Number of protein chains: 2
Amino acid sequence: MNAPAFLASVQPAGRPLPAAFLQALQQRFGSRMSTAQAIREHHGRDESPYPPMLPDAVVFAASTEDVAAVVSLCAQHRVPLIPYGVGTSIEGHLLAVQGGVSIDLSGMNKVLAVNAEDLTVTVQAGVTRKQLNEELKSTGFFFPIDPGADATLGGMAATRASGTNAVRYGTMRENVLGLTVVTAEGKVIRTASRARKSSAGYDLTRIFVGSEGTLGVITEVTLRVYPQPEAISAAACSFPSVEAAVNTTIATIQLGIPIARCELLDALTVKAVNAHSKLGLPEQPMLLFEFHGSASGVKEQAEAVQQIARDHGAQDFQWASTPEERTRLWTARHNAYFACLQLKPGSRSFTTDVCVPISRLAECIVETERDTAASFLPAPILGHVGDGNFHVAILANPDDPREAQEAERLNQRVVTRALKMDGTCTGEHGVGLHKMDFLIEEHGDDAVDLMARIKRAFDPLNIMNPGKIVRV
Amino acid sequence: MNAPAFLASVQPAGRPLPAAFLQALQQRFGSRMSTAQAIREHHGRDESPYPPMLPDAVVFAASTEDVAAVVSLCAQHRVPLIPYGVGTSIEGHLLAVQGGVSIDLSGMNKVLAVNAEDLTVTVQAGVTRKQLNEELKSTGFFFPIDPGADATLGGMAATRASGTNAVRYGTMRENVLGLTVVTAEGKVIRTASRARKSSAGYDLTRIFVGSEGTLGVITEVTLRVYPQPEAISAAACSFPSVEAAVNTTIATIQLGIPIARCELLDALTVKAVNAHSKLGLPEQPMLLFEFHGSASGVKEQAEAVQQIARDHGAQDFQWASTPEERTRLWTARHNAYFACLQLKPGSRSFTTDVCVPISRLAECIVETERDTAASFLPAPILGHVGDGNFHVAILANPDDPREAQEAERLNQRVVTRALKMDGTCTGEHGVGLHKMDFLIEEHGDDAVDLMARIKRAFDPLNIMNPGKIVRV
């Protein structure tokens, strides 16, 4: 398999683990550690199209103390480590570019506390978002952040994830109240109390949110939860153009209408969804809306948005009012990724993730569509349009150098365009391996130098998911 | 004047400014720099009851380049510097404990951009919140964060301020999109693009928000703004007890009712407000509410909250529906601080600022009232009860050692109690000088050690507002 150009410099060094280290690990963890090829392979890849790079060993942690023990051993023997949840990241975050130990946190899957009066929950890092919502069902609360994949909450915190609900509820940045973290020295800290707000010193919580395992290992997460809305309704609406859909969104937000979801699918994505989910949606740009609130509030919101959409030349709303219809609609949206892959059987998606000020979004998407139309690769677009964030799923065979290069070329163009529009190279997926150069392009050398100083200050031995985010 | 015990170790060293430094400063800034006693005195104090400590010189900056020039000179000559807005902080943030230069940013008061479609504005650090809202009036947008004082937006970012609207709109943490910062080396960086969300590397924005001038000088701030609500209404409501008022708030939030403001005044504060603003409010615990939304949405919210309040034994709402009545009500609330000072003429307020999970708030306030009732100092309580944040305005003469000690003793008890309840020592005022030991008590040595590493990494010469937040 041909590795993309940016991976050329990060081939695993292949230094074997020190025998004393392996022995200590075995003694502490017994059957909860493994060097089996199959297990290492499972932990040396993510959902990206990049070739796997295997860790030398995998430890299945059951507690914060377990994690602290692994990290202490790694520090003692200068062995790299990578925290692992369920492997849904897509920028090469989990690739063991220097070998070392993968710490699998998926067994740390207990909901530790539900504080209903405070609207907070505390979970172990391996709890997934669907599991949390299942456990919250009877309490009247829910956790809104929904990146599509059933990721772990530790992983979502580590990549600063968001998704379809962020336009109303914010991202992990806004919804993590505090973390338990194992530092690079194997110490256990809590980054914050359970107070809703605090001005007590540097914001350690926000430093670890989005740090992708490079500064410490997140083992517990305290989150804000929300009352389940009294009423929910959802609708699909077709537009004559991407501009019309984006302008509808802008007008909606400017009026302060608190839409809970507002998702854009371009015509190609609708076509893919129709084929995959056996739907008969008009193959035009489409917005999917969801409204949360009181019964009358939801009605009022929906009427207002429908009027705005009409003013922008949209067709009538197709309502999904029952839970079953809603589930069908959002399942189709969530499966859009898999639907798109079917447009080119055998392909993987090289997925872009730019986010721009919403005033530039239509322009950014239209120019991008011009690029992709001229390419030989199919590249459907779908986006969290209320946030200015969209994904191009560039479909290519990673084993075909011509296709992989073309995918990377398109990706670069999208990022460069977004940065010119005062946007970011990644709205929600993170930097990982793939976006380290884009990060410098976006922030400039001096700002990235501050990031590197944080990395060196927190992880002087450079053992925490080394080779990701910033070079040190 | 007797300095409180915690100030004993931070008496100014009094090293005079190097002559070459002064000369270079004079050459660059001419009449925009001063060493006059009156100007130094104005810049060596804040709203705290602590004795002033004067900077050796004051520079009036007009641009980011000015700030970069001062910082570069300070770095070259190892001279401490302190950013200064309008001096409304209250934890000793501005005291020049090691002398040096105060950089007055109040002249940097231009609104640089209003991006209506994106709901963002970019301002120079010296723009105050009232000025911004005045300039936004005709645009249909407003900036909600309201700490009472007409602080600068740079200062509000630097202390992670919040205030009465945070229960709905969040704090500066959530509402700063990006910053322009002059680093300790005099370099100019932007911490983020104008995208609403980003996963691009460590969250530099959130590191500088709340850093109190100790990591860099904030010179420009990009903020989220919000559509002016279609309808606003406000009401006051008296309760038989603090518990009843807090439980009403908890029930309101649990139902997902999006109250915009929810402020608690205890009986003593109501008494002070009555005397000061010539009102006839019942002298019992009271909540002040504000509702934002559509006309029908506001009506629905208000009816729901009124029912909850009734269920908790409250009296009827006293409505303030016209803008004039609303202004009267919130002016009374904002003047509560001055009203309280009149309870003990000649006193200053030693103001606590704890924030606890709301489930513990009633208990925390009731126990605190027991303390203050047993004290010889008057200590009215008012709070941003929807966030779990409240202030005790302990009224004492700072020149009377017995009173100052008693004020500090009460303060300590409030903080210790809040920390036991998984709260924070400061919800919105910051650490400054006063809370450096509380910070350690709250976070523990290992977490504060990480903060100290950030300080050393960003400011290796320790010239940026030295002696605040963390000891290095």
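Computed quantities for the displayed model
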quantity: Pairs with Cβ under 6 Å, 6+ apart, first in the range B:304-329 and of a type in the set (Gly, Ala, Ser), second loosely packed, with under 15 Cβ neighbours inside 10 Å; calculated: B:313/B:240
quantity: Residue that is of a type outside the set (Val, Ile, Thr), surrounded by fewer than 19 Cβ atoms within 10 Å (Cβ to Cβ) and closer than 26 Å to residue B:338 by Cα, where the choices are B:275, B:295, B:304; calculated: B:275
quantity: Lone qualifier among B:191, B:269 - being polar (S, T, N, Q), within 14 Å of chain A (Cβ to nearest Cβ), at negative phi and within 26 Å of the chain's Cα centre (by Cα); calculated: B:191
quantity: Residue, nearest to residue B:350 (Cα to Cα), within the range B:372-398, restricted to residues that are within 14 Å of chain A (Cβ to nearest Cβ) and hydrophobic (A, V, I, L, M, F, W, C); calculated: B:390
quantity: Among the candidates A:164, A:152, residue that is touching an Asp or Glu at 6+ places or on another chain (Cβ under 6 Å), more than 10 Å from every other protein chain (Cβ to nearest Cβ) and crowded, with 23+ Cβ neighbours inside 10 Å; calculated: A:164
quantity: Residues of the range B:460-472 classified as more than 12 Å from residue A:201 (Cβ to Cβ) and at the interface with chain A (Cβ under 10 Å from one of its Cβ atoms), total; calculated: 1
quantity: Matching residues in the range B:414-427 - criterion: being of a type in the set (A, V, I, L, M, F, W, C) and surrounded by fewer than 24 Cβ atoms within 10 Å (Cβ to Cβ); calculated: B:415, B:419, B:421
quantity: Residues satisfying the stated conditions in the range B:22-63, i.e. among the aromatic types (Phe, Trp, Tyr) and farther than 19 Å from residue B:182 by Cα; calculated: B:50
quantity: Considering residues of the range B:428-442 that are facing another protein chain (nearest Cβ under 7 Å) and part of a helix (DSSP H, G or I) only, the residue surrounded by the fewest Cβ atoms within 10 Å (Cβ to Cβ); calculated: B:439
quantity: Single condition residue B:457 does not satisfy, out of (1) surrounded by fewer than 24 Cβ atoms within 10 Å (Cβ to Cβ); (2) in contact with a Ser or Thr (Cβ under 8 Å, 6 or more places away or on another chain); (3) assigned to a helix (DSSP H, G or I); (4) within 9 Å of chain A (Cβ to nearest Cβ); calculated: (2)
quantity: Some residue of the range B:121-131 being more than 23 Å from residue B:463 (Cβ to Cβ), in contact with a helix residue (DSSP H, G or I) (Cβ under 9 Å, 6 or more places away or on another chain) and within 14 Å of chain A (Cβ to nearest Cβ); calculated: yes
quantity: Qualifying residue in the range A:291-303 (condition: under 28 Å from residue A:392 (Cβ atoms), out of contact with any helix residue (DSSP H, G or I) (no Cβ under 8 Å at 6 or more places or on another chain), in contact (Cβ under 8 Å) with a residue 12 or more places away in the chain and not aromatic (Phe, Trp, Tyr)); calculated: no
quantity: Matching residues in the range B:172-186 - criterion: being under 27 Å from residue B:77 (Cα atoms) and acidic (Asp, Glu); calculated: B:185
quantity: Which listed residue, of B:55, B:51, is touching a residue at least 40 places away in the same chain (Cβ under 8 Å) and closer than 22 Å to residue B:208 by Cβ; calculated: B:55
quantity: Selection from the range A:112-138 of residues that are under 21 Å from residue B:246 (Cα atoms) and among the β-branched types (Val, Ile, Thr); calculated: A:114, A:120, A:121
quantity: Criterion: in contact (Cβ under 8 Å) with a residue 60 or more places away in the chain and surrounded by fewer than 18 Cβ atoms within 10 Å (Cβ to Cβ) - qualifying residue of B:371, B:353, B:387, B:399; calculated: B:399
quantity: Flag for residue A:316 being buried (at least 24 other Cβ atoms within 10 Å of the Cβ) and either part of a loop (DSSP other than H, G, I, E, B) or hydroxyl-bearing (Ser, Thr, Tyr) (or both); calculated: no
quantity: Residue among B:58, B:70 that alone is farther than 27 Å from residue B:348 by Cα and of a type outside the set (S, T, N, Q); calculated: B:70
quantity: Scope the range A:31-61; condition crowded, with 17+ Cβ neighbours inside 10 Å and aliphatic (A, V, I, L, M); matching residues; calculated: A:33, A:39, A:53, A:54, A:57, A:58, A:59, A:61
quantity: Conditions (1) of a type in the set (Asp, Glu); (2) over 18 Å from residue B:463 (Cα atoms); (3) at pLDDT 95 or above: number failed by residue B:47; calculated: (3)
quantity: Yes/no for residue B:331 being away from chain A (no Cβ under 14 Å) and hydroxyl-bearing (Ser, Thr, Tyr); calculated: yes
quantity: Hey, residue A:451 of a type in the set (A, V, I, L, M), modelled with pLDDT of 95 or more and either within 17 Å of residue A:46 (Cβ to Cβ) or surrounded by 23 or more Cβ atoms within 10 Å (Cβ to Cβ) (or both) or not; calculated: yes
quantity: Some residue of the range B:335-342 being part of a helix (DSSP H, G or I), within 13 Å of chain A (Cβ to nearest Cβ) and surrounded by fewer than 15 Cβ atoms within 10 Å (Cβ to Cβ); calculated: no
quantity: Residue under evaluation residue B:331, criteria (1) surrounded by 14 or more Cβ atoms within 10 Å (Cβ to Cβ); (2) under 16 Å from residue B:273 (Cα atoms); (3) of a type in the set (Ser, Thr, Tyr), criterion not met; calculated: (1)
quantity: Strands (runs of 3 or more DSSP E) enclosed by the range B:150-253 - at least 2 residues per element that are farther than 22 Å from residue B:462 by Cα; calculated: B:176-183, B:216-224, B:231-238
quantity: Test: residue in the range B:183-195 that is free of Cβ contacts under 8 Å to residues at least 60 places away in the same chain, surrounded by fewer than 23 Cβ atoms within 10 Å (Cβ to Cβ), in contact with a strand residue (DSSP E or B) (Cβ under 8 Å, 6 or more places away or on another chain) and not small (Gly, Ala, Ser); calculated: yes
quantity: Which numbered condition residue A:411 fails, given (1) surrounded by fewer than 24 Cβ atoms within 10 Å (Cβ to Cβ); (2) within 26 Å of residue A:45 (Cα to Cα); (3) touching a Pro at 6+ places or on another chain (Cβ under 7 Å); calculated: (3)
quantity: Conditions (1) surrounded by fewer than 22 Cβ atoms within 10 Å (Cβ to Cβ); (2) under 24 Å from residue A:177 (Cβ atoms); (3) out of contact with any His (no Cβ under 9 Å at 6 or more places or on another chain): number failed by residue A:103; calculated: (1)
quantity: Residue check for residue A:403: part of a helix (DSSP H, G or I) and within 9 Å of another protein chain (Cβ to nearest Cβ); calculated: no
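The values are calculated or read from the model by the stated rules, or taken from the named source; none is laboratory data. Worth saying up front: this structure is predicted, and the values here are computed from it rather than measured. With ideal geometry, Cβ positions are generated from the backbone for all residues, glycine too; neighbour counts draw on all protein chains shown.
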